[in-house]
Amino acid sequence: MNIPPVATPISAVLITLNSERLLGPVLDALQWCNEIVVVDSGSTDGTLQIARDRGARVLHRDFDGFGPQKRFAVAQAVHDWVLVVDADEVVTPELRAEIQSRVGHEEGVVGYKVPISLIFMERLMRHGSEYKMPHLRLFNRTFGTYNLSHVHEDVELSGGRVLTLKDHMLHDSYGSMHEYFEKLNRYTTAGARELDRRGRKASTAQVVFRLPLTFLKEYLLKKNVLNGYPGFVWSLFSAMYPVVKYAKLHELQQKRSSPEERPARMYEDRTH
């Protein structure tokens with residue numbers, strides 16, 4: 001079915017790397033946009049062919065952080081209004097219809113937060129903070145763009161209002177447990193380096209006590225218990241993330257402190 005584009009032109013923008021698992025449905029759900037821009041950082045699977053087959057304009061850029069990569073991608077768009085979608089996020093028909101009815105029709109609005117809902121272990125997580133969590137993904141780039149944070153990047157806008165849409169995108173980020181832990185490893189390493197650049201310190205207490213406290217917060221206070229077994233697993237993994245990140249930060253800082261003394265001290269400790 002041919003879906004007419006919105007009256008106000010919108011460019012859909014994505015960054016990719018070996019994203020073939022879900023990229024087809026993601027791009028199919030964006031065919032109503034006036035253009036699709038894909039910035040790839042060196043895929044070796046079918047990502048590039050999938051993007052080209054669906055009419056996307058494909059560019060290459062070496063990856064140097066999520067903020068810089070998305071900022072570059074936004075800058076390549078033809079139109080001022082951009083919709084930034086990850087390669088594992090699907091725009092629902094309801095969200096598409098809402099965007100078409102609102103963009104360009106609300107005075108003084110320069111951006112919209114898009115609710116995003118997590119699909120985990122093939123289940124829509126209807127409870128907890130991962131259901132319809134708003135993220136600023138639809139905006140007029142003449143009023144701002146992404147900051148340069150390497151992880152947990154944000155859009156920074158000025159000069160107008162930012163509203164929140166009602167309908168959501170579906171975020172199906174993890175095709176398997178193996179894929180989850182691959183991403184966990186990449187993100188925690190990048191996060192530790194970012195914290196280190198900012199001068200943050202990692203204490204043993206942060207590493208030890210963060211896991212049980214974060215788990216209880218996610219599972220009970222945020223009501224992931226209502227999501228059944230996937231809610232338990234998600235809460236456990238969410239608690240692991242900051243622990244692993246701060247453990248890696250601790251490791252970075254330990255290796256940098258008196259490196260010439262560490263080998264001798266390590267073997268001295270083992271003799272006692």
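The values are calculated or read from the model by the stated rules, or taken from the named source; none is laboratory data. Every value quoted in this text rests on a predicted model; they were computed, and no experiment measured them. Please note: Cβ atoms are built from the backbone with ideal geometry, for glycine as well, and neighbour counts cover all protein chains shown. Just so you know, the surface numbers come from the protein's heavy atoms only, side chains and all, with ligands and any DNA or RNA stripped out. Shrake-Rupley method; radii C 1.70, N 1.55, O 1.52, S 1.80 Å.
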message = Among 212-225, 82-95, how do they line up by average Cβ neighbours within 10 Å per residue, starting with the highest?
response = 82-95, 212-225
ask   = For segment 61-67, what does the Karplus curve 6.51 cos²θ - 1.76 cosθ + 1.60, with θ = phi - 60°, yield as ³J(HN,Hα) per residue in whole Hz, taken in order and with x for Gly and Pro?
value = 8, 4, 7, 9, x, 5, x
note = Listed by chain and number, the residues whose amide H is under 5 Å from that of Leu83, excluding neighbours fewer than 5 places away on the same chain and using placed H, are Ser11, Ala12, Val13
task = Would you mind computing Rg(Cα) / (2.2 N^0.38 Å) for segment 12-136, counting N as its residues?
result = 1.07
ask   = What ³J(HN,Hα) values, in whole Hz, does the Karplus curve 6.51 cos²θ - 1.76 cosθ + 1.60 give for segment 174-191 when θ = phi - 60°, with x put for Gly and Pro?
value = 10, x, 6, 4, 4, 5, 4, 6, 5, 5, 4, 5, 5, 5, 5, 5, 5, x
query = In Å, the Kirkwood hydrodynamic radius of the chain over pairs of distinct alpha carbons?
reply = 20.5
ask   = Ignoring ligands, DNA and RNA, what percent of the accessible area of the chain is carbon or sulfur (1.4 Å)?
value = 54
ask   = For segment 111-116, in order, what is each residue's ³J(HN,Hα) by Karplus, 6.51 cos²θ - 1.76 cosθ + 1.60 with θ = phi - 60°, in whole Hz (x at glycine and Pro)?
value = x, 10, 7, 9, x, 10
request  = Might you tell me the accessible area per residue for segment 1-118, computed with a 1.4 Å probe and given in Å²?
outcome  = 41
